[in-house]
Amino acid sequence: MTEKLYEISVEVNGVRCEGRVPARLSLVDWLREELRLTGTHVGCEHGVCGACSVLLDGEPVRSCLMYAVQAHGHRVGTVEGLRSPEGGLSPLQDAFCEAHGLQCGYCTPGMLIAAQALLDATPHPTEEQIREAIGGNLCRCTGYAQIVEAVLLAAERSR
Amino acid sequence: MSEFRYVGKRRRAKEHVRFVLGRGRYVGDIHVVGMQHIAIVASPHPAARIVSIDTSAAARAPGVRYILTGEELCANTDSLLIGVDAPQVKRWPLAPGMVRYAGEWVAAVVANSRAAAEDAAELVEVQYEPQPCVVEAEAALAAGAPLVHPAHASNVLYRRKFVWGPVEQAFAQAHQQLSFRAYWGRSATVPIETFGVVAHWDAGHGILDIWASIQMPKFPDQTARALRLPGNAVRVHHDVDVGGSYGVKRGIKHTVLAGYLARRLGAPMRLIEDRLENMRGGDMQGPDRHFDVHVAFDFDGIIHGLRIRALDDVGAYAGRSPLQLGKPVGAICGPYRIPAIEYEPISVMTNKTPQEAVRGFGQSPTNFALERAMDRVARELDMDRIEIRKRNLIRRDDFPYTIPSGSTYDSGDYHAVLDKALAAARYPELLELRDRTRANGKLAGIGISTCLEPSGGNSAFEVLLNPKNETTTWMDSCLVRVDLSGAVTGVIGNSSSGQGHESLVATVLAEVLERDPEGIRVVRADSLMALPSNSPVGSRMAIMLGGAAAGAAKTIKRTLLTIAAHNLECAVEDLEYRNGDASLKGVGGKKLTWHELIEIAHRKFHKLPPGIEPGLQAKFVWEVPTGGGLPSADGRIQMYPCYAFEAHIVLIEIDPDTAKPAIHRYVCGHDCGVMINPDIVHGMTYGGIAHGIGAALYEQFAYTADGQLTSGSFMDYLIPSALEVPPLAIVDHCTPSPLTEFGQKGSGEAGYLGAPAAVANAINDALAPRGASLDTLPMTPEAIWKALR
Amino acid sequence: MKSPAFEYTRPASVAEACALLARHGADAKVIAGGQSLVPMMAMRLVRPSVLVDINEIDALKYLAIEPQEARIGACTRQVTVERDDALSERIPLLRMALKCVGHVQTRNRGTVGGSLAHADPSAELPLVALVLGARLRLRSASGRRDVQAREFLTGAMSTALRPDECLEEIGWPAWRERTGAAFMEVSIRHGDFALVAAATQVALDAQARCTRASFGLAGVGATAVAFPELAGRLVGTKMEDGLVEEVAHAAAKQISPGSDMHASSEYRRHLARVLVARTLRAAREKAASA
């Protein structure tokens, strides 16, 4: 008995992507295993660590808590879609590099998604607002200090 | 250090670009055609005999390829190595006949997808006959306790009483004594990426390829040994990005399991722990340590002697975990001039998940106990806690300083770092703030800790705790190549988990060769091609990998000068090396450029001096400084070579009604000698502090009385977020090490080694006006509330 | 942690959703935000054979502020409710409570209805619903029925929803008097499940006498608990600190909180007393300055 497959069409990083997926395939697994967009990471699969954060219709959500079938007809943005239109690093990505806002890189895509969404809504956030925005993204390497610096740097550079 | 061009300067890490683009290559990103997926069947019982395993229903489930049980695996692989002398304590990836902890792996299902494997795993029927279990360390010591490994005839894995210096006398003669108990609760590093491995048996070449999220010395060797393969039949790929480890990712059992199945079934195997498997059955929990501390001191606060009994519960099996009682021997008195120490480490087994190496390898729990001792003595004498430390801290002029247990501390200026930290914390103002807060009805406390971070990974605790294991080689290496285009490439033989080793090596090569680090590439050799490495542990790579890179670069430089001297018909001493060019000293001297020298090396054999090999490459393999020794009969040994130092100052407020703590200011004074890349060092220190805050206030692997783990997911194992970790300030000091190339000391464990002690001391300072105290980690709101009643 | 297999359905209307629920009964589960349901499926603690995904039903996403109440569609995202300033003016407890619900990502996807239907004993929104006397509209193939919050929350993770019913709308009563509200929670980390949470709303007249009061607790039993009788004791008084303490003390005596690794029942009972007192005082101060 094979599982029923569902046809889905999702706009991922601006590109229409089609798929035939089992209902239980999570959005993060679809992105990683089928689309081979391995930038989004799996850390807990129960909605706590935030490593799987993606933009769903422009807002950060936990892609381990969504099934790919649920994304049918929606827009998904991943870390791979963050780079600048010219192909270089976005101001935020560049600021992370400058301020050493990462070490092992595993939480980084999720952090970038959360931080970019914050900057899109609040171009000049306070430190408190930054911590609130990344409060759902766990990091074990950085103690968050240089991540906050990176977001502040990106905000400052956009003035 | 302004004398350096690249070392010590702020510089972007080479690793960053791939990570911010989402183009890291973690084990979960690796696809091998035909890859099968493994899911685990785990024991629900903490102790049980396996009566039978019926795999028939599971084998018929869709997509299932095979189901492996302990019976087959244990017959065909060797048991995994244990760090102490306990040959009857055997461990395999799957339980052989007996399960010893809830979560222990009993069977492995192989299927064409992870989902299918999990479906089938639920259909495997295991009949168990539960046995009595023991889940408490002291209970495990008691006569008549259920034996975790009956063949070992005891639950004690290791026990010894070390006496260094005149302990009896110190206690007999001191003005006062005090005693207390402290408990470092079980927590661990819990990286955001779980452990994973992909194993592929390449039948065409007879090689087992391994990609793993690994941080482990001797990983290729131990994998080969367990699988009964020669070393050169296992190829570990070190160019896998590891999503954090901080010690724990010693996934030897996962790898042996996957490797066995890969060969057995002739298909590539992927085993990525899910979070539930990882927390309960990944065998990566951490120290679980009860301290009994006795201090002998005088009225003026001088500590004359210490007695420490450290009882550590390693869980149901042991790899290197008992050795975490041994490493602290190298800094058993912390940064203090304590002349007489008795240390009784006891490693005991219970029916809990096994422990693995956690950042600091036992030093952080030890520092916690030492710092609680200092504060208690200060309180007893009504003496300022800074003053008592200043009176006991080893002085700048005392270095190099040899402690009673045999280690010599290379260099330090502890008073200066403490003063810097106090200044940065604006200590008098902090005291006022604390007192004002108290006056407003809240509880508030300042915590201070002054702690050592031994670095360099001379892991002499191995032979100290197990004389049969005469391992004294703690080496690392680097190969450097300069190609025909003049580009420099460094080759290393280890995996990295965020420490920035590529940046470290590029910076060092750039410094010595005087070439731009931007153009220097660092690549990783697999285990068949790599020079010897003992992997990044024990804060060793700045010292060891940095030293190896420097050594290889110096050889290249000497070769270039030799080529130049030969072609310029002079002596090497007559030449000046600048940015890769060699020129005759003096005005208008002839010179040969970097590119000209390289052309000669690679293409113009007729211009090459005799004895110089063609091409331009050098390797450097070296032993850890101060290493190579064996312990004395009374257990004295040089442990790590270099000693970094940290002074933490933290202000904590506690809501007097809810008992919930909040950190309001955090300063860490840090001295790890010369920092090769300050941002990288600071980064790890911030992370270590956050990690320490987690261990002190939030994180615990909690067990019920009947051996069930209640914090087996992130809903209950509470990792601090950006809302729990406050802004952190680091203030640097530099006392270079005399033992290393640039004066650098290691620093991967920074912050974690002093933070729990400082936070614990702050909580106690806050509780003190109420006559309460707390010596158990984690200090949860409930624990604080209970202490206040 | 891959979910067990299930059949996926995506109704375009509430009627269609109800038809699916009628057909599959207890085998089916509604999925809204999934923030509570999906972890349970990933851990294989629940195994619905059919998921009815109501996220695409626009008719369930609305926020209408009317004189007597605010009507919120069950599938309205928590973030939408949290950000609505006009709503926060009328029903301040909603924004206050939502600030404690998980994190940004949770609230971007989680729904108001989902939290109520999930009925976790420590959840914030069921507590507010109970304290305000919210009206929950349940829809099935055979029609609609309105249930008061106190009848809706029947036990831990259990509600009055029948297997063939779907939550359609929640009506949050708005108080017209001079009102002050307070929501406080103690959790170990920000965004965690509350150990104990308290929600309070009081109204004061021109002489600072209490004319109306309602307060409740979450995390202290199988469901959120309200204390109408104790709240009644405050009416007509100036809510002096001494009386507030008495009421808080009495409320703490009435509950039977459970124990887990994070908090013992005695500690929860203690927190209950502290938070009731604090929220009563804070609500009183807010109303006084309103």
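The values are calculated or read from the model by the stated rules, or taken from the named source; none is laboratory data. What you see is a predicted model, and the numbers here were worked out from it, not measured in a lab. Note: ideal-geometry Cβ built from the backbone for every residue, glycine included; neighbour counts use all protein chains shown.
Of all the residues in segment B:648-687, those that are out of contact with any strand residue (DSSP E or B) (no Cβ under 9 Å at 6 or more places or on another chain), surrounded by 23 or more Cβ atoms within 10 Å (Cβ to Cβ) and of a type outside the set (A, V, I, L, M) number 3.
It is to be established whether one or more residues within segment A:101-109 are more than 7 Å from chain B (Cβ to nearest Cβ) and either part of a helix (DSSP H, G or I) or small (G, A, S) (or both). Yes: segment A:101-109 contains one or more residues that are more than 7 Å from chain B (Cβ to nearest Cβ) and either part of a helix (DSSP H, G or I) or small (G, A, S) (or both).
Restricting segment B:34-60 to residues that are surrounded by fewer than 20 Cβ atoms within 10 Å (Cβ to Cβ) and either outside any strand (DSSP E or B) or out of contact with any strand residue (DSSP E or B) (no Cβ under 9 Å at 6 or more places or on another chain) (or both), the residue that is farthest from the other protein chains (Cβ to nearest Cβ) is B:S56. Of B:L431, B:L443, B:L465, all but one fail to be surrounded by fewer than 24 Cβ atoms within 10 Å (Cβ to Cβ), away from chain A (no Cβ under 14 Å) and of a type outside the set (V, I, T); the exception is B:L431.
Checked against the criterion of being surrounded by 23 or more Cβ atoms within 10 Å (Cβ to Cβ), at pLDDT 95 or above and assigned to a loop (DSSP other than H, G, I, E, B), segment B:756-776 contains not a single residue that satisfies it. All told, A:G135 falls short of being modelled with pLDDT of 95 or more, within 10 Å of chain C (Cβ to nearest Cβ) and part of a helix (DSSP H, G or I). Is there a residue being surrounded by fewer than 19 Cβ atoms within 10 Å (Cβ to Cβ), free of Cβ contacts under 8 Å to residues at least 12 places away in the same chain and facing another protein chain (nearest Cβ under 9 Å) anywhere in segment A:2-23? Yes - at least one qualifying residue is present in segment A:2-23. Remark: pairs (first residue in segment B:196-220, small (G, A, S); second residue part of a strand (DSSP E or B); Cβ separation under 6 Å; 6+ apart in sequence or on different chains) = B:G196/B:I272; B:A199/B:I210; B:A199/B:M269; B:A212/B:V197; B:S213/B:G196. When you check B:L753 against the structure, is it more than 9 Å from chain A (Cβ to nearest Cβ), out of contact with any His (no Cβ under 7 Å at 6 or more places or on another chain) and surrounded by 24 or more Cβ atoms within 10 Å (Cβ to Cβ), yes or no? Spelling it out, B:L753 is indeed more than 9 Å from chain A (Cβ to nearest Cβ), out of contact with any His (no Cβ under 7 Å at 6 or more places or on another chain) and surrounded by 24 or more Cβ atoms within 10 Å (Cβ to Cβ). Residue pairs whose Cβ atoms lie under 9 Å apart, sitting 6 or more positions apart in sequence or on different chains, and linking a residue in segment B:3-28 that is closer than 15 Å to B:D516 by Cβ to a partner that is at pLDDT below 95 and surrounded by fewer than 17 Cβ atoms within 10 Å (Cβ to Cβ), are B:V7/B:M1. Scanning segment B:3-22 for residues that are of a type in the set (K, R), more than 7 Å from every other protein chain (Cβ to nearest Cβ) and within 16 Å of B:H501 (Cβ to Cβ), we see that the one that is surrounded by the fewest Cβ atoms within 10 Å (Cβ to Cβ) is B:R18. Taking the conditions (1) more than 11 Å from chain B (Cβ to nearest Cβ); (2) more than 29 Å from B:F701 (Cα to Cα) in turn, C:T223 satisfies each one other than (2). Could you check segment C:110-209 for strands (runs of 3 or more DSSP E) lying wholly inside it with 3 or more residues that are at pLDDT 95 or above, within 26 Å of C:E56 (Cβ to Cβ) and away from chain B (no Cβ under 14 Å)? Filter on segment C:110-209 gives C:135-140, C:143-148, C:166-173. Taking B:H31 as the residue in question, decide whether it is within 14 Å of chain A (Cβ to nearest Cβ), outside any strand (DSSP E or B) and touching a helix residue (DSSP H, G or I) at 6+ places or on another chain (Cβ under 9 Å). Yes, satisfied. Of the residues making up segment A:71-117, just one is touching a strand residue (DSSP E or B) at 6+ places or on another chain (Cβ under 9 Å) and of a type in the set (D, E), namely A:E80.
Residues are listed down the side, and each one gets a yes or a no for (1) hydrophobic (A, V, I, L, M, F, W, C); (2) in the same structural domain as B:I50 (by TED's automatic domain parsing); (3) without any contact (Cβ under 8 Å) to a residue 12 or more places away in the chain; (4) within 18 Å of B:R91 (Cβ to Cβ):
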| residue | (1), (2), (3), (4) |
| --- | --- |
| B:E118 | no, yes, no, no |
| B:A121 | yes, yes, no, no |
| B:V126 | yes, yes, no, no |
| B:E138 | no, no, no, no |
| B:V148 | yes, no, no, yes |
| B:N155 | no, no, no, yes |
| B:Y158 | no, no, no, yes |
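Of the residues making up segment B:90-115, those that are within 27 Å of the chain's Cα centre (by Cα) and crowded, with 20+ Cβ neighbours inside 10 Å number 10.
Annotation: B:V587 fulfils all but one of (1) of a type in the set (A, V, I, L, M, F, W, C); (2) modelled with pLDDT under 95; (3) assigned to a helix (DSSP H, G or I); the unmet one is (3). Across segment A:41-64, the qualifying residues are those that are in a loop (DSSP other than H, G, I, E, B) and under 21 Å from C:R83 (Cβ atoms), and the one among them that is nearest to the other protein chains (Cβ to nearest Cβ) is A:G50. Suppose we keep only residues that are touching a helix residue (DSSP H, G or I) at 6+ places or on another chain (Cβ under 9 Å) and not in a strand (DSSP E or B) within segment B:206-217. Which one would you say is surrounded by the fewest Cβ atoms within 10 Å (Cβ to Cβ)? Ranking the qualifying residues of segment B:206-217, first place goes to B:G206. For segment A:79-96, the set of residues classified as of a type outside the set (A, V, I, L, M) and within 7 Å of another protein chain (Cβ to nearest Cβ) consists of A:E80, A:R83, A:Q93, A:F96, listed by residue number. Within the span defined as segment A:78-88, every residue fails to be surrounded by fewer than 23 Cβ atoms within 10 Å (Cβ to Cβ), among the charged types (D, E, K, R), within 26 Å of B:G688 (Cβ to Cβ) and at pLDDT 95 or above. Of the residues making up segment A:117-149, those that are hydroxyl-bearing (S, T, Y) and crowded, with 24+ Cβ neighbours inside 10 Å number 2. So which of B:G334, B:G330 is in a helix (DSSP H, G or I) and either in contact (Cβ under 8 Å) with a residue 60 or more places away in the chain or among the polar types (S, T, N, Q) (or both)? None of the other options fit; the residue is B:G330. Among strands (runs of 3 or more DSSP E) entirely within segment B:229-313, having at least 2 residues that are under 30 Å from B:F171 (Cβ atoms) singles out B:289-297. Mind checking which pairs have a first residue in segment B:462-478 that is at pLDDT below 95 and a second that is surrounded by 13 or more Cβ atoms within 10 Å (Cβ to Cβ) and among the polar types (S, T, N, Q), Cβ under 8 Å, 6 or more apart or different chains? That search, which allows pairs on different chains as well, returns B:T471/B:S459.
Just to confirm my filter: which strands (runs of 3 or more DSSP E) fall fully inside segment C:21-102 and include at least 1 residues that are within 13 Å of another protein chain (Cβ to nearest Cβ) and free of Cβ contacts under 8 Å to residues at least 60 places away in the same chain?
Per the criteria, C:28-31, C:50-53.
You will find that of B:A170, B:A145, B:A188, B:A203, the residue that is on the phi < 0 side of the Ramachandran plot and within 14 Å of another protein chain (Cβ to nearest Cβ) is B:A188 and no other.
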